[in-house]
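Accompanying notes for the structure given below.
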Amino acid sequence: MVNNTALNGVDINQLGKTVQAVKDNTALAKCQFRTTTQWISGAHAQTHVQGFYGLGQEDHSRSTPFIIESDEPKALMGTNKGANPVELLLTGLAACITVGLVYNAAARGISLDELKIEISGEIDLQGFMGLSESVRPGFNDISVYCHLKSASPDSDLLDLIEYVKRVSPVHNTISQPTPVEVIFQRL
């Protein structure tokens, strides 16, 4: 008999152990994620993502950093060397919802055959350009389309999506007020 503990590419035994460890010791739940962004030229910047603190310890498992290029499209005076910051925000939201759906589907015994997240957001550049105090510089709205292929009933998939909306860190950060402190430090 084959003991298959993976569902949707997730080791459900390890997932259960990790959740239980956090239940048993809530200090393990505290995480700190970090990035360092270096301006290159114009709108082009490069962000390095490497270490983080999680599950009670500093994690150095990434021997080389992930490097993320950001820029603006030519229409916004960029050079198209990377996605722009709001596209990266949408990317973070899509990736967070994806991992939330995959992990929580596995925990619930829901097999996913296919998953695709499409996101769009509307911004009025008058706010970003400082042309109008009454126009918000950020997104006015964001629409998330979860395309799922699964043998599970729609009701189970809708419950899963609603649950993930409630527990997604990025969804929560975007949809709820989060204090952001910008600190000046001279180089």
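A few comments on the model shown:
- Just one of the listed residues (THR47, THR64, THR5, THR36) is at pLDDT 95 or above and either surrounded by 11 or more Cβ atoms within 10 Å (Cβ to Cβ) or of a type in the set (D, E, K, R) (or both), namely THR47.
- So LEU88, is it touching a residue at least 60 places away in the same chain (Cβ under 8 Å), closer than 27 Å to GLU122 by Cα and assigned by TED's automatic domain parsing to the domain that holds GLY121: no
- Count of the range 109-125 residues which are closer than 21 Å to ALA6 by Cβ and either of a type in the set (A, V, I, L, M, F, W, C) or surrounded by 14 or more Cβ atoms within 10 Å (Cβ to Cβ) (or both): 3
- Neighbours by Cβ (under 8 Å, 6+ apart or cross-chain): first from the range 134-160, in contact (Cβ under 8 Å) with a residue 60 or more places away in the chain; second exposed (fewer than 12 other Cβ atoms within 10 Å of the Cβ) and among the β-branched types (Val, Ile, Thr): none
- Being of a type outside the set (S, T, N, Q), surrounded by 13 or more Cβ atoms within 10 Å (Cβ to Cβ), in a helix (DSSP H, G or I) and touching a Phe, Trp or Tyr at 6+ places or on another chain (Cβ under 8 Å) is true of VAL86.
- Boolean, SER70 is touching a residue at least 12 places away in the same chain (Cβ under 8 Å), exposed (fewer than 14 other Cβ atoms within 10 Å of the Cβ) and touching a Leu at 6+ places or on another chain (Cβ under 9 Å): no
- Test: residue in the range 60-67 that is of a type in the set (Val, Ile, Thr) and out of contact with any Asp or Glu (no Cβ under 7 Å at 6 or more places or on another chain): yes
- Selection status of ALA21, over 21 Å from THR98 (Cα atoms) and surrounded by 13 or more Cβ atoms within 10 Å (Cβ to Cβ): yes
- Enumeration of residues in the range 111-161 that are assigned to a helix (DSSP H, G or I) and farther than 12 Å from ILE97 by Cβ: LEU125, GLN126, GLY127, PHE128, ASP154, SER155, ASP156, LEU157, LEU158, ASP159
- Residue within the range 124-140 that is within 27 Å of ALA29 (Cβ to Cβ) and either outside the structural domain of ALA105 (by TED's automatic domain parsing) or out of contact with any Gly (no Cβ under 7 Å at 6 or more places or on another chain) (or both) present: no
- The range 99-110 residues that are outside any helix (DSSP H, G or I), paired with ones that are among the hydrophobic types (A, V, I, L, M, F, W, C) and buried (at least 21 other Cβ atoms within 10 Å of the Cβ) (beta carbon under 8 Å, 6 or more apart): ARG108/LEU160; ILE110/LEU160
- Given (1) farther than 26 Å from THR18 by Cα; (2) in contact with a strand residue (DSSP E or B) (Cβ under 7 Å, 6 or more places away or on another chain), index of the condition SER111 fails: (1)
The values are calculated or read from the model by the stated rules, or taken from the named source; none is laboratory data. Worth saying up front: this structure is predicted, and the values here are computed from it rather than measured. Methodologically, a virtual Cβ is constructed for each residue, glycine included, from the backbone with ideal geometry; neighbour enumeration extends over all protein chains shown.
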